[in-house]
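What follows is one structure encoded as structure tokens, with my remarks underneath.
What follows draws every value from the coordinates through simple rules; no lab data is involved. Treat the numbers as computed from the prediction; the structure is a model and nothing was measured. So basically every Cβ, Gly included, is an ideal-geometry build from the backbone, and we count neighbours across all protein chains shown.
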């Protein structure tokens, strides 16, 4: 199971840079970069809410569940 972060796609669709988003929501560029690259281990609901408000989107546009392609069926 994996959660894919589509922040870069949403930013592109909105014509916004990561720096602009950082300034808008008050989250450091470093923390947004960690989230954007999928290296974040957790996301606070308040952060997700701020991102959705700034990007005028739904949480499902930023986060996506991707089923693992490899399923081990050997006993």
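What the table shows:
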{"item": "Qualifying residue in region 14-25 (condition: in contact (Cβ under 8 Å) with a residue 40 or more places away in the chain, over 14 Å from residue 59 (Cβ atoms) and surrounded by 13 or more Cβ atoms within 10 Å (Cβ to Cβ))", "result": "yes"}
{"item": "Residue that is surrounded by 16 or more Cβ atoms within 10 Å (Cβ to Cβ) and out of contact with any strand residue (DSSP E or B) (no Cβ under 6 Å at 6 or more places or on another chain), where the choices are 11, 48, 29", "result": "11"}
{"item": "Some residue of region 55-64 being touching a strand residue (DSSP E or B) at 6+ places or on another chain (Cβ under 8 Å), farther than 13 Å from residue 11 by Cβ and not in a loop (DSSP other than H, G, I, E, B)", "result": "yes"}
